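Visitor: This is the structure, below, for whatever I ask next.
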Amino acid sequence: MSTSGAESVPEADAAESLARAARAGIHRLELPTPFLVGRVNCWLIQDEPLTLVDTGPNSGSSLDALERALAEHSVAVEDLELIVLTHQHMDHVGLLEIVARRSGAEVAAFAPLAGWLAAHPASAAQDDAYAQDVMRNHGVPEELITVLGAVAAAFRAYGSRGEVTRPLGDADRLTLRDRSFEVLHRPGHSPSDTVLFDEQRGIMIAGDHLLAHISSNPVVTRPLTDPGPDAARPRPLIDYIASMRATSELPARLVLPGHGDPITDHPALIAERLRLHDRRARKILRIIEPGPISAHDIATRMWGNVAVTQAFLTLSEVLGHVDILLAEGAVTQLSEQDGVIRFAAA
Ligand SMILES: [Zn+2]
C-alpha cells in the first residue's frame, strides 16, 4: 500500500519500454492525482480513431496537465475520437464528462459500467454506503466509519458521470485502423477492470490490473449489477488471483499499467504477487488461530495505525485473504450476537 518500492524497474529499462510503446504509437501521459498512489497514466494511441485510454481525475490541475501532455503530441482535447476506460476508479475516469463533451469522442467501457457512470455521483454514494456496511459488519468502530464516510463524500468530486456509447464485453475486439485489441475482463482490483491486448505487437494496456511498483488492492466493491439482497459478499482477491493467472498465460512482451512504469516480464511479476498473497494468507491464519477475531482487529494487528487511516483498504486486504482461507477450509466464519462477524480456525 505504499507508492515506492525496490521492485521498480531501473529507469533505463523504463525509458526503453516507453520508447517501444511510442514506436507502436502509444504514448504515456502522466497526470497528477490527489490520491496516495501519485500520478496516473493515461495512454494516447495515435491511430484512427485517435484514442485516449483513461482520462485522469476531475480536477483543474489534471485537465491542465492532460492538455499540455496532448500538446506534446500535437493533439488537442477536441481532436480525440475515442475514449476507452480501463475501470471505474475516479483517478482514471474523472475527466470523462469534460473530455467527452469537448471532443465529441465515442466512449468505450465495460458494458456493466455504463449504468454506473450514467448514475454518478449517486452510484459512487451507493458504493460508499456499501463499504460502510462492510466495515460495520467487520468491526470497524462507528466513529471511524463516520469520519471515513465524510472523506469519501468529499473525494467524490474527483469522479465523473458519463455516457458509454461503445459498451465492451469480455473477449470483444476493439479494432482501430492499424491495430486490433482483444478486450479482456480482469476483475479483482475493481469489478470493471478491463485490459486491452494487441497480440500482434505483444502489447497490453492493463489499467490497474497489474502495477510494477505496488501490489494492486483488491477492493471489496459493490457489484455493478445488483445481485439481490441475499447475495454473498464479493470475493475480490479470489477474483483477482484468477484474473492474474489468466493474464499470466498471455504472450505479452510489454504491459502498460495505470500507474508507474511499464512491465516487461509480467509472468514473473504475477508469480511474485501470488507468492505475496499466499504468505499474507498464512500470516493472517496465524493471527486467527488463538481465537475468534474480527477482520478489523486482524488489520490492526497487521498494520497498526494504517488500519485506522486506511481502514477500508486494509479491511479489504484482510477479507481477501480470509476468503482464501475460508475456501481452503482453514477458517470458519462466526456470526456473533453484537452483529460483528468474527473468524476462527477450523
Ligand atoms: Zn484503480
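Since every read-out is calculated from the coordinates, none of them should be taken as a lab result. Bear in mind that the values here come from a model prediction, so they are computed numbers and not experimental data. Note that we place each Cβ from the backbone using ideal geometry, even for glycine, and neighbour counts take in every protein chain shown.
Visitor: Taking helices (runs of 4 or more DSSP H) that do not extend beyond the stretch 214-309, which have at least 3 residues that are within 16 Å of the ligand (Cβ to nearest atom)? Step through it out loud before you land on a result.
Guide: Working: elements: 236-248, 266-288, 295-303, 306-309.
The helices (runs of 4 or more DSSP H) meeting that bar are 236-248.
Visitor: For the stretch 76-101, give me each residue that is more than 15 Å from the ligand (Cβ to nearest atom), within 28 Å of Gly260 (Cβ to Cβ) and part of a helix (DSSP H, G or I).
Guide: Result: Val77, Asp79, Glu97, Ile98, Val99, Ala100.
Visitor: While we're looking at this one, here's another question. Residues being polar (S, T, N, Q) and crowded, with 24+ Cβ neighbours inside 10 Å: count how many of those fall in the stretch 33-61.
Guide: Summing the residues that are polar (S, T, N, Q) and crowded, with 24+ Cβ neighbours inside 10 Å in the stretch 33-61 gives 3.
Visitor: Which numbered condition in (1) away from the ligand (no atom under 16 Å from the Cβ); (2) over 23 Å from Ala307 (Cα atoms); (3) not β-branched (Val, Ile, Thr) is the only one that Trp116 fails?
Guide: Answer for Trp116: the failing condition is (1).
Visitor: Here are Arg136, Arg156: which of them is basic (Lys, Arg), within 16 Å of the ligand (Cβ to nearest atom) and out of contact with any His (no Cβ under 7 Å at 6 or more places or on another chain)?
Guide: Result of the check over Arg136, Arg156: Arg156.
Visitor: I would also like to ask the following. Out of Ala105, Ala171, Ala76, Ala122, report the one residue that is touching a residue at least 12 places away in the same chain (Cβ under 8 Å) and loosely packed, with under 14 Cβ neighbours inside 10 Å.
Guide: Residue meeting the stated conditions: Ala171.
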